[in-house]
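Before any comments, here is the structure.
The values are calculated or read from the model by the stated rules, or taken from the named source; none is laboratory data. In this text the structure is predicted, and so the values were computed from the model without any measurement. Virtual Cβ from ideal backbone geometry, glycine too; neighbours counted across all protein chains shown.
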Amino acid sequence: MTDMQNMTSEVETFDSADIEKNKTMAGLAYILFFLPLIVCADSPYGKFHANQGLLLLIVALVGSFVLSFIPIIGWIILPFFSLAVLILAILGLVNGLQGKAKRLPIFGKYTIIK
């Protein structure tokens with residue numbers, strides 16, 4: 001697979017009416033992942049971003065927990081990890097509000113919410 005094909009496979013396609021109707025909830029999924037599941041439960045676009053928000057929350061919690069127990073090195077890495085999580089949350093929020101369905105890097109390929 002070429003690099004261009006790999007990049008295009010990371011973007012999901014959804015109905016444009018669904019995207020327009022649920023952009024706001026999709027963006028807010030990175031703050032409260034369950035919000036699109038409550039407000040627009042029948043929206044595949046909302047579920048996509050709710051899934052990405054849940055994955056980000058799980059990675060943030062597990063990563064922070066693990067790094068906080070590793071003496072010195074973990075404590076040094078923890079602020080950088082937190083900054084990376086914040087950047088990913090902002091990236092997801094912006095993509096959701098702009099109507100884009102890009103998966104988050106590294107762990108975004110997994111699906112918990114279907």
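Listed values, structure above:
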item: Top-ranked residue of the range 46-102 - restricted to ones that are surrounded by 12 or more Cβ atoms within 10 Å (Cβ to Cβ) and outside any helix (DSSP H, G or I), ranked as farthest from the chain's Cα centre (by Cα); result: ILE70
item: Residue satisfying all of: in the range 27-36; over 10 Å from the mean Cα position of the chain (by Cα) and surrounded by 19 or more Cβ atoms within 10 Å (Cβ to Cβ); farthest from ALA101 (Cα to Cα) among these; result: LEU35
item: Test for ALA89: is it among the small types (Gly, Ala, Ser), closer than 23 Å to LYS114 by Cα and at pLDDT 90 or above; result: yes
item: Any chance ILE106 is surrounded by fewer than 17 Cβ atoms within 10 Å (Cβ to Cβ), assigned to a helix (DSSP H, G or I) and either out of contact with any helix residue (DSSP H, G or I) (no Cβ under 8 Å at 6 or more places or on another chain) or not β-branched (Val, Ile, Thr) (or both); result: no
